[in-house]
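Asks: Quick one: the structure is below, questions incoming.
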Amino acid sequence: MKIALIGFGKMGQEIASLAIAAGHEIVLKINSENAAELTVANLQKAEVAIEFSNPSLVQAHIQICLAAGVPVVVGTTAWYENYDKIAKEVLAQNGTLFYATNFSIGVNLFWKITQTAAKIISNYDYKVHIDEIHHTQKLDAPSGTAITTAELILQEMRSLSAWTNEIVTKDQLNSRNNSSNSKLLIRSVREEQVPGTHTVSFENEIDQISVSHIAHNRKGFAAGAIQAAKFISNKKGIFNMNDLLSL
């Protein structure tokens with residue numbers, strides 16, 4: 001498989017390493033220093049594009065992939081306010097888009113476990129909050145993974161009206177959740193060398209039940225992105241991890 005990497009930071013480099021080891025070819029690497037090389041002609045050298053860049057650039061990157069007729073896997077988060085517009089363009093142009101807030105198989109299993117737990121616990125008197133920790137280069141807070149986690153919980157716990165976010169220090173995670181009973185609190189921490197940790201806690205005065213996903217490195221995310229690229233290589237339409245994993 002010939003791959004174009006749009007965004008060649010830590011994730012792009014991890015994807016390149018795993019892809020080459022698996023026998024794939026990286027035909028284009030785009031970063032901020034060579035952004036002018038992201039052209040239709042250069043993209044058409046690839047069979048699929050994988051995009052991990054900046055939220056402000058996602059729409060333009062998808063559009064140029066559509067123009068080139070190249071399926072695109074998008075791992076960048078914090079662009080979903082534009083999703084409806086982009087989805088219409090993809091479908092109108094008979095293009096291919098695979099998007100996910102997290103490509104890790106483990107995270108997607110974590111989501112299923114969390115949603116099931118929330119459905120059961122919704123019948124009892126527990127407050128819930130989410131703690132997420134990422135490296136300092138993470139541009140968005142809360143993470144896309146935390147937002148997806150929150151949305152799944154909100155589907156099951158009807159007493160909660162919305163999620164809210166606080167940027168805190170790691171020490172502050174040891175404090176009790178004092179947020180409103182009607183809001184799902186997401187606490188975000190940014191510190192060096194943390195690929196990604198997400199913990200959902202259901203808590204009352206008697207006890208606490210927690211579910212966590214701790215990424216030890218970026219390989220799970222990168223491997224999932226490559227799997228997604230293979231999955232859409234001969235498809236048209238819009239897909240996500242539920243389609244890939246049949247969850």
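Asks: What tally of residues in region 78-109 results from selecting those that are among the small types (Gly, Ala, Ser), in a helix (DSSP H, G or I), touching a residue at least 40 places away in the same chain (Cβ under 8 Å) and more than 21 Å from Ile214 (Cα to Cα)? Quick ask: steps written out before the conclusion?
Replies: Start the filter on region 78-109 by keeping residues that are among the small types (Gly, Ala, Ser), which leaves 78, 87, 92, 95, 100, 104, 106.
Checking which are in a helix (DSSP H, G or I) leaves us with 87, 92, 106.
So of that shortlist, the ones also touching a residue at least 40 places away in the same chain (Cβ under 8 Å) come out as 87, 106.
Right, trim to more than 21 Å from Ile214 (Cα to Cα) and you get 87.
So the answer is 1.
Asks: Collect the residues in region 52-77 that are touching a residue at least 60 places away in the same chain (Cβ under 8 Å), surrounded by 18 or more Cβ atoms within 10 Å (Cβ to Cβ) and either in contact with a Pro (Cβ under 7 Å, 6 or more places away or on another chain) or of a type outside the set (A, V, I, L, M) (or both), keeping them in residue-number order.
Replies: Phe52, Pro71, Gly75, Thr76, Thr77
Asks: So if I check each of Phe221, Phe239, Phe231, which one is within 16 Å of Phe110 (Cα to Cα), in contact with a Phe, Trp or Tyr (Cβ under 8 Å, 6 or more places away or on another chain) and not charged (D, E, K, R)?
Replies: Exactly one of Phe221, Phe239, Phe231 is within 16 Å of Phe110 (Cα to Cα), in contact with a Phe, Trp or Tyr (Cβ under 8 Å, 6 or more places away or on another chain) and not charged (D, E, K, R), namely Phe221.
Asks: Checking Ile113 against (1) over 27 Å from Thr197 (Cα atoms); (2) assigned to a helix (DSSP H, G or I); (3) touching a strand residue (DSSP E or B) at 6+ places or on another chain (Cβ under 8 Å): exactly one of these is not met. Which one?
Replies: (1)
Asks: When only residues in region 152-199 that are of a type in the set (Val, Ile, Thr) and touching a residue at least 40 places away in the same chain (Cβ under 8 Å) count, which is farthest from Leu109 (Cα to Cα)?
Replies: Val189
Asks: Considering only residues that are small (Gly, Ala, Ser) and within 22 Å of the chain's Cα centre (by Cα), look in region 159-198 and name the one that is modelled with the lowest pLDDT.
Replies: Checked region 159-198; the qualifying residue modelled with the lowest pLDDT is Gly196.
Asks: Keeping to region 20-48, report how many residues are within 21 Å of Lys236 (Cα to Cα), hydrophobic (A, V, I, L, M, F, W, C) and either in a loop (DSSP other than H, G, I, E, B) or in contact (Cβ under 8 Å) with a residue 60 or more places away in the chain (or both).
Replies: Counting residues in region 20-48 that are within 21 Å of Lys236 (Cα to Cα), hydrophobic (A, V, I, L, M, F, W, C) and either in a loop (DSSP other than H, G, I, E, B) or in contact (Cβ under 8 Å) with a residue 60 or more places away in the chain (or both) gives 2.
Asks: If you don't mind, there's one more thing I want to ask. Mind listing whichever residues of region 63-98 are farther than 15 Å from Glu51 by Cα and aliphatic (A, V, I, L, M)?
Replies: Once the filter is applied, which keeps residues that are farther than 15 Å from Glu51 by Cα and aliphatic (A, V, I, L, M), region 63-98 yields Ala67, Ala87, Val90, Leu91, Ala92.
Asks: Still on this structure: Only residues that are touching an Asp or Glu at 6+ places or on another chain (Cβ under 7 Å), part of a helix (DSSP H, G or I) and small (Gly, Ala, Ser): list them for region 116-137, please.
Replies: Ala118
Asks: Tally up the residues in region 110-126 that are surrounded by fewer than 22 Cβ atoms within 10 Å (Cβ to Cβ), touching a residue at least 12 places away in the same chain (Cβ under 8 Å), over 20 Å from Phe221 (Cβ atoms) and not hydroxyl-bearing (Ser, Thr, Tyr), please.
Replies: 5
Asks: Does Phe239 satisfy the condition of being touching a Leu at 6+ places or on another chain (Cβ under 9 Å), surrounded by 14 or more Cβ atoms within 10 Å (Cβ to Cβ), in contact (Cβ under 8 Å) with a residue 40 or more places away in the chain and closer than 25 Å to Trp79 by Cβ? Let's see the steps before the verdict.
Replies: Details: touching a Leu at 6+ places or on another chain (Cβ under 9 Å): yes; surrounded by 14 or more Cβ atoms within 10 Å (Cβ to Cβ): yes; in contact (Cβ under 8 Å) with a residue 40 or more places away in the chain: yes; closer than 25 Å to Trp79 by Cβ: yes.
For Phe239, the condition - touching a Leu at 6+ places or on another chain (Cβ under 9 Å), surrounded by 14 or more Cβ atoms within 10 Å (Cβ to Cβ), in contact (Cβ under 8 Å) with a residue 40 or more places away in the chain and closer than 25 Å to Trp79 by Cβ - is met.
The values are calculated or read from the model by the stated rules, or taken from the named source; none is laboratory data. Fair warning: this is a prediction, and the values are worked out from it, not measured in the lab. Heads up, the Cβs are rebuilt from the backbone with ideal geometry, glycines too, and the neighbour counts pull from every protein chain shown.
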